[in-house]
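Just below is one structure, and these are the notes that go with it.
The values are calculated or read from the model by the stated rules, or taken from the named source; none is laboratory data. Just so it is clear, the structure is predicted and the values come from calculations on it, not from any experiment. For neighbour counting, all protein chains shown are included, and Cβ atoms are generated from backbone atoms with ideal geometry for every residue, glycine included. These area figures cover heavy atoms from the full protein model, side chains too; ligands, DNA and RNA do not enter into them. Shrake-Rupley method; radii C 1.70, N 1.55, O 1.52, S 1.80 Å.
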Amino acid sequence: MTKQSLQLTDDLYQYLLRVSLRESSVQCRLREETAQLPQAQMQVAPEQGQFMGLLARLINARKAIEIGVFTGYSSLCFALAMPDDGRLIACDISKKWTDIAKRYWQEAGVDHKIELRLAPALATLDALLAEGEQGRFDLAFIDADKENYRHYYERALQLIRPGGLILLDNMFWGGHVADLSIRDADTNAIRELNAFLKTDDRIWLSLIPIADGLTMAIKKEPT
């Protein structure tokens, strides 16, 4: 048996989906519609969405923030996992993409849990902090422009409670982070954040090899 994560062949990946994926018809149709878009690669993988929903259930998340909505698949995964009085603040700047999301949120019966804020995410996060929301969220998911990841992370760390969870997507960045010859701004931003998180003693950390790399950071109790 291997001592490191198996590489998923197409056959093994399809097996994973067959024996594990519990996707509602609404989720499946949203994923299929999104797959027709030129930007389809921005959507999270279905097994990742299910895993993040499981994490939300595990920590009994009632209040969450999502930074980067796209067509709303991950939002739907979180909202389905949260209780009926749960609240997800969903941050994005695209009305075109989030109009797709809203159709499916409504069809799934979770639109009352989701508050969409169409504005630059840093402005939304700063507004939440100004409103006194520090330490009042259970979970944050970051999946937006890579050059601002560090800024999103720092604000999310203020907004979530001790024991709360921050999830960061695309932390492998297609494998580019491991190739030091690649030096574009997005790759450098993810590479530098990975290095920073390794030594950030405010969190418990794990980078999971699911989809394009998912970082899990649990906020420690203050000392």
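Of note:
A quick yes/no check of all residues on (1) in a strand (DSSP E or B); (2) of a type outside the set (Gly, Ala, Ser); (3) open to solvent by 50 Å² or more (accessible area, probe 1.4 Å):
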{"site": "154", "(1), (2), (3)": "no, yes, no"}
{"site": "158", "(1), (2), (3)": "no, yes, yes"}
{"site": "161", "(1), (2), (3)": "yes, yes, yes"}
{"site": "166", "(1), (2), (3)": "yes, yes, no"}
{"site": "177", "(1), (2), (3)": "no, yes, no"}
{"site": "183", "(1), (2), (3)": "no, yes, yes"}
{"site": "190", "(1), (2), (3)": "no, yes, no"}
{"site": "194", "(1), (2), (3)": "no, yes, no"}
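- Qualifying residue in the stretch 125-148 (condition: in a helix (DSSP H, G or I), surrounded by 18 or more Cβ atoms within 10 Å (Cβ to Cβ) and touching a Cys at 6+ places or on another chain (Cβ under 8 Å)): yes
- Given (1) free of Cβ contacts under 8 Å to residues at least 12 places away in the same chain; (2) surrounded by 16 or more Cβ atoms within 10 Å (Cβ to Cβ); (3) hydroxyl-bearing (Ser, Thr, Tyr), index of the condition residue 215 fails: (1)
- Candidate set: the stretch 102-118, residues that are in contact with a Leu (Cβ under 8 Å, 6 or more places away or on another chain) and without any contact (Cβ under 8 Å) to a residue 60 or more places away in the chain; chosen: the one surrounded by the fewest Cβ atoms within 10 Å (Cβ to Cβ): 115
- A search for C-beta distances below 7 Å between a residue of the stretch 19-38 that is among the basic types (Lys, Arg) and any residue that is assigned to a helix (DSSP H, G or I), counting only pairs 6+ apart in sequence or on different chains, returns 22/50; 31/46; 31/73.
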